[in-house]
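What follows is a short report on a single structure.
What follows is calculated from the coordinates using simple rules that are stated; it is not laboratory data. Treat the numbers as computed from the prediction; the structure is a model and nothing was measured. Every residue, glycine among them, receives a Cβ derived from its backbone with ideal geometry; neighbour counts consider all protein chains shown.
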Amino acid sequence: MEYLIQQLINGIQLGTMYALLALGYTMVYGIIRLINFAHADIFMIGVYTALFTATRYRVPFPLVIVISMVVCAVLGVVIERLAYKPLRYKPRLSALITALGVSLFLENFCALPFMFGPEYRSFPELIPPKQYVILKQYNITVTNVFLINLLVVSVLLVGLFYLVHHTMIGKKMRAVSLDKTTASLLGVNVDRTISFTFLIGTALAGASGVLYGMTYTSVQSPYLGIWPGWKAFIAAVIGGIGNIPGAVVGAYLMGISEVYATSISSDLGFGIAFAILIIVLIVKPTGLLGKKRQEKV
Amino acid sequence: MKKFLIIFFIFLVFAIVFMSCNKKPQEIRIGGIFPITGAAATFGKSSQEGMQIAVDEFNQKGGIPISGNKMLINPVYDDTAGQPEQAANVCRKQIDQNGVKAIVGAVMSKNSLAIAPICQSKGIVMISSASTNPEVTLKGDHIFRVCFIDPFQGTVMARYVFNELDFTKAAVLYDNGNDYNKGLAHFFEEEFKRLGGEIVASEAFTDEEKTVDFKAQLTKIKAAEPEFLYLPNYYAADALIMKQARELAMEIPAGGGDGWDSPKLTEIGGDAVEGCVFSNHFSKENPSPQVQNFVTKYREQYGKDPDALASLAYDAAYVLLSAIEKSGSTAGADIRDSLKNMNMEGATGKISFDENRNPIKSAVILQIKDGQQKYLTTVNP
């Protein structure tokens, strides 16, 4: 019993990591139907930003998150303006290929010696690590880092839901997502709304980067975004890409099932992600919470 | 005009290529194939530095006489990034384009396994500095190594844990995508069971360069209640594993193989790796004159202490260059025959080769104490 509970906690920790990343994929897809492959690399920039602000300037933890989010948000908007906007009314495939190109560029450019370099670094302890034994009789532990992760993610999620459903800009985002042309006829500035969506999505990736660094305390290389990126992307698809609550549900489903699968047999971990993806897509092609969209001719 | 320029440019390129091909070499080129970037980057850098010291020693003597001409040694270094495909590519490049006469490397076993068949088929001697998987030298009679092999390292650790630490229940957690990790884990388990111990959990993960979360496996291991945790992986993954184990309130001692030998282990692992033990090739605290000579030179050159990888690469390059000097030839077969009869004292102990071109030598057990490696004991084969 305690074994299953401990594994559940491990799974929630992993899911939390995927959730923030998955949101970025799903928001961008929701608004311009683009799978932003560069998202995982913006996440990587977030990790390195946190690393440098924390080690070189000794900035306190809350500020590290803010700086990381701002840097990633700015980068996200710049990428959107330079790489995706010129292709907005071109075939969708062009933008997809561009996204792959941006991703490769970010990874390899950052791996150059005068940028971040390719070597392993250790991530500083932003807050002194502690562990708590909850449920004494079962000897189940959680770390304060895990609790902070949960807290940060909850705050960001609540903020995001408020933004999307209770503000003017949120309303614009939903309008553009539904129908770009009509939204612009009704006076919505489509370009600015799309940029804003990128800004929010990539800011979340920045926050996610800080949490990643804090949890795993090591920064492998500028290629570190690839794996979490793929899993978060799968999570977004499982939840129904384009759907914000769906991304969160998908992320936790992925995290928890990955941990349980790994505990049954170590080799199953990554495979199970794809197995779930395939099953979900067969049973419900739009994803768990996704809605079917009428393609207009 | 534009056309003329293009043609002129093409001729220029051809001219440069031919000129560089026709240059008669007054030097012996020796390849160095190491992981300069990637998860084992510190290994690669140390190896290159160690090899360079051996090369410098020979060049300071005026080079190696080959049929009357003194030839200087020119090392050609290339990066594998830890990837077998890239290792194979740079190996072909070194042999076909750079014309190296012999190769020192690679470091990681999976990379050595990728380049050994290439060297063998081209008749080039390859001497691996740190690949401990038994398969490497079985690829052909041109393939040598100067480090001990996985059976020995896994076996030594099993004996040490069972006999010296008196533990009877051990668990293993390793990367099943890497020959080195699998080899150590396998031979540790085998010897530990043979001695009468019990392996209560044997867990794996895939690709330590990408995996950062080991909690699922660790929680399972914790439930099996081992007394010792064997982690035969590279330093970065093992440091992370130890951190996460401590987070799960697993306070048992742990250890690994020579993949732990990096300052980054304590940098990433911190208090979590304190007290851990691992088997290694070399200790700078060893008082033997060969060790101290190398340690002094290395300190002068780089301003820091050498690690095992540096000393192994130094030994590999040194034994190779001595063999070339002794045979007076740079032909692959001559170097090979000369190496087979080599018997010298290096920085990592006495080196001679058995019939499978593996060295016959001893291992040391080190412990992490206050963030430093302390010499515990030497274990003989």
How much FRET efficiency would the formula 1/(1 + (r/R0)^6) give for B:N380 and B:F9, where r is the Cβ-Cβ distance and R0 is 56 Å, rounded to 0.05? 0.30
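Considering every pair of different Cα atoms, what Kirkwood radius, in Å, is found for chain B?
For chain B, inverting the mean 1/r across all distinct Cα pairs yields 21.6 Å.
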Per the 1/(1 + (r/R0)^6) rule, R0 = 35 Å and r from the Cβ atoms of B:Q372 and A:I127, FRET efficiency to 0.05 is 0.85
How many angstrom lie between the Cα centre of region A:23-101 and the Cα centre of region B:223-240? 35
Read phi for every residue in region A:82-93 and hand back ³J(HN,Hα) as whole Hz from Karplus 6.51 cos²θ - 1.76 cosθ + 1.60, θ = phi - 60°, with x for Gly and Pro. 7, 9, 9, 4, x, 9, 4, 9, 8, x, 4, 4
Calculated P(r) of region B:215-371 - Cα pairs past 23 Å, %: 50
Crossing angle, helix B:150-159 versus chain B [Cα axis fit, 0-90 degrees, rounded to tens]: 20
What whole number of Å gives the distance from the Cα centroid of region B:338-353 to the Cα centroid of region A:199-239? 49
Tell me, what is a quarter of the convex hull surface for the C-alpha atoms of region B:333-381, in nm² with one decimal? 4.6
Counting DSSP beta bridges in chain B, what percent are antiparallel, to the nearest 5? 35
One finds the C-alpha centres of region B:42-115 and region B:248-291 to be spaced, in Å, by 28
Between the modelled labels at A:L281 and B:N163 (7 Å from Cα along Cα→Cβ) the distance in nm is 5.6
Listed by chain and number, the residues whose amide H is under 5 Å from that of B:G256, excluding neighbours fewer than 5 places away on the same chain and using placed H, are B:L231, B:V277, B:F278, B:S279
What distance in nm separates the two pseudo spin-label positions at A:K171 and A:Y89, each 7 Å out from Cα along the beta-carbon direction? 2.8
What percent of all Cα-Cα pairs in region A:50-158 falls into each 5 Å bin, going from 0 up to the bin containing the maximum distance? 2, 9, 12, 15, 15, 14, 13, 9, 6, 3, 2, 1, 0
Restricting everything to alpha-carbon atoms, can you work out Rg to Rh for region A:2-283 with a Kirkwood hydrodynamic radius? 0.98
Please give the per residue volume of the convex hull enclosing the alpha carbon atoms of the protein assembly as shown, rounded to a whole number of Å³. 194
Beta bridges by DSSP in region B:66-221, antiparallel share as percent, to the nearest 5: 5
Holding the Cα-Cα limit at 19 Å, pick out from B:K70/B:K326; B:K169/B:K361; B:K222/B:K264 the pairs that are longer than that. B:K169/B:K361; B:K222/B:K264
Are there trypsin sites (Lys or Arg not before Pro) in region B:298-372 that DSSP puts in a loop and that have at most 12 other Cβ atoms within 10 Å, and which ones? B:K304
Would you please give the residues with an amide H less than 5 Å from that of B:G32, counting only those at least 5 places away or on a separate chain, with H modeled from the backbone geometry? B:V76, B:Y77, B:D78, B:V104
Rg/Rh for region A:111-235 to two decimals, with Rh computed the Kirkwood way over all alpha-carbon pairs. 1.10
Kindly write out, for region B:322-334 in residue order, the coupling ³J(HN,Hα) from the Karplus curve 6.51 cos²θ - 1.76 cosθ + 1.60 (θ = phi - 60°), rounded to whole Hz, with x marking Gly and Pro. 4, 5, 5, 4, 5, 7, x, 8, 10, 6, x, 5, 5
So what is the diffusion coefficient of region A:157-297 in µm² per second by Stokes-Einstein at 25 °C and 0.890 mPa s, using a Kirkwood Rh over Cα pairs? 143
Given region A:2-283, what count of lysine pairs have C-alpha atoms under 16 Å apart, with each pair 8 or more places apart or on different chains? 4
Of all alpha-carbon pairs in region B:151-280, indicate the percentage at a distance above 19 angstrom. 40
Along each of the three principal axes of the Cα atoms of region B:230-275, give the extent in whole Å, ordering the values from largest to smallest. 25, 20, 17
Karplus (6.51, -1.76, 1.60) ³J(HN,Hα), θ = phi - 60°, over region B:218-231, in Hz, Gly and Pro reported as x: 5, 4, 5, 5, 4, 5, 7, 6, x, 9, 9, 10, 9, 10
Please identify every one of the chymotrypsin sites (Phe, Trp or Tyr not before Pro) in region B:216-280 that sits in a loop by DSSP and has no more than 10 other beta carbons within 10 Å of its own beta carbon. none
Collect residues whose amide H, placed 1.01 Å from N in the peptide plane, falls under 5 Å from the amide H of B:G346; neighbours closer than 5 in sequence don't count. B:I351
Filtering trypsin sites (Lys or Arg not before Pro) in region A:1-96 by DSSP loop and by at most 10 other Cβ atoms within 10 Å leaves A:R58
